[in-house]
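Working notes, beginning with the structure itself.
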Amino acid sequence: MKVTINRAKMFTDSDYVKFLKTISDTTKTYLFKDFSWKTPGLLLRHDVDLSIDFCLRLVEKEAKANVVSTNFIMATSPLYNPNSHENTKNLREISELGSEIALHFDPTCYPKASEDELLSHAKNEATILENIIGQKVCSISLHCPSIHGQFPIFENFVNAYDPSFFTDENYISDSCMSFRGKDPIEWVYLSKIKPIQMLLHPLHYQTNTQNYCSIFECLINKHFQVVNDLFSISPPFARDIGKLNKYSIEKD
């Protein structure tokens, strides 16, 4: 049975489930660490910029559809700590579901580093993730390379920005909720005849309202709840604040 996906409303939780069925019915998905670029297939990639919990939600849906993905995790994120109790549990679960944990590396954290020094930092960050999941981290992607303009080549890593992986003919991304004129359904079908790298950011598929307001409300309120839980026993917090109330974004 053909699954109908509203391409104008691709960025919803429910349409992502339909999209996974299209992938499962059409092509084979591979992990970056296992892939031979001479083989047709789909490399499904998630760069985790905001929340490992968001990532896990996608991977759980993917596992039900027999789809695997490579999930690039930051060790230097200002928004999440991969070593927190919740996130270590989530990362292990992602790995146990058959998807790959990889490194999402931000070279701007090391502004004066040479390329050799960046490789050393990347290995150190990969070790952090390896200690969590108990497996070797083999793959790497760059955080916001179009902004900082740095494209180092990391020896001994499978690099998502290696020229063999990253060309206009075999790469499609949903950055800023836009596929830039490329149809993701058509690119799934293309992966039957050639290798395709598809970058989908987990934050875009968390709600059914297809806008950033609901996504970031969800994220902000999760952080508010963490603060409430941490400071629930603090008399000054109870006196001055009580609790952080649910946040709602109001657009002018």
Within the bounds of the stretch 64-86, is there any residue that is open to solvent by 10 Å² or more (accessible area, probe 1.4 Å), free of Cβ contacts under 8 Å to residues at least 40 places away in the same chain, of a type in the set (A, V, I, L, M, F, W, C) and more than 28 Å from Glu217 (Cβ to Cβ)?
yes
Selection from the stretch 144-178 of residues farther than 19 Å from Leu50 by Cα, within 16 Å of the chain's Cα centre (by Cα) and in a loop (DSSP other than H, G, I, E, B) yields Ala160, Tyr161
Residue check for Ser178: in contact (Cβ under 8 Å) with a residue 60 or more places away in the chain, open to solvent by less than 50 Å² (accessible area, probe 1.4 Å) and polar (S, T, N, Q):
no
Which one is nearest to Phe32 (Cα to Cα), of the residues in the stretch 195-244 that are without any contact (Cβ under 8 Å) to a residue 12 or more places away in the chain and part of a loop (DSSP other than H, G, I, E, B)?
Asn211
The conditions are (1) outside any loop (DSSP other than H, G, I, E, B); (2) among the hydrophobic types (A, V, I, L, M, F, W, C); (3) under 17 Å from the mean Cα position of the chain (by Cα); (4) modelled with pLDDT under 95, and Phe11 fails exactly one of them. Which is it?
(1)
Tabulated pairs, the stretch 10-39, first over 19 Å from Ser95 (Cβ atoms), second aliphatic (A, V, I, L, M) and open to solvent by 30 Å² or more (accessible area, probe 1.4 Å), C-beta under 6 angstrom, 6+ apart or interchain
Phe11/Met177; Lys18/Val3; Lys21/Val3; Thr22/Val3
If only one of Glu117, Glu100, Glu96 is among the acidic types (Asp, Glu), within 21 Å of Leu44 (Cβ to Cβ) and open to solvent by 60 Å² or more (accessible area, probe 1.4 Å), which one is it?
Glu96
Could you please let me know if Thr207 is hydroxyl-bearing (Ser, Thr, Tyr), farther than 30 Å from Glu125 by Cβ and open to solvent by less than 80 Å² (accessible area, probe 1.4 Å)?
yes
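The values are calculated or read from the model by the stated rules, or taken from the named source; none is laboratory data. In this text the structure is predicted, and so the values were computed from the model without any measurement. Counting neighbours? That spans all protein chains shown, and the Cβs are built from the backbone with ideal geometry, glycine included. For accessibility, only protein heavy atoms count, side chains too; no ligands or nucleic acids. Shrake-Rupley method; radii C 1.70, N 1.55, O 1.52, S 1.80 Å.
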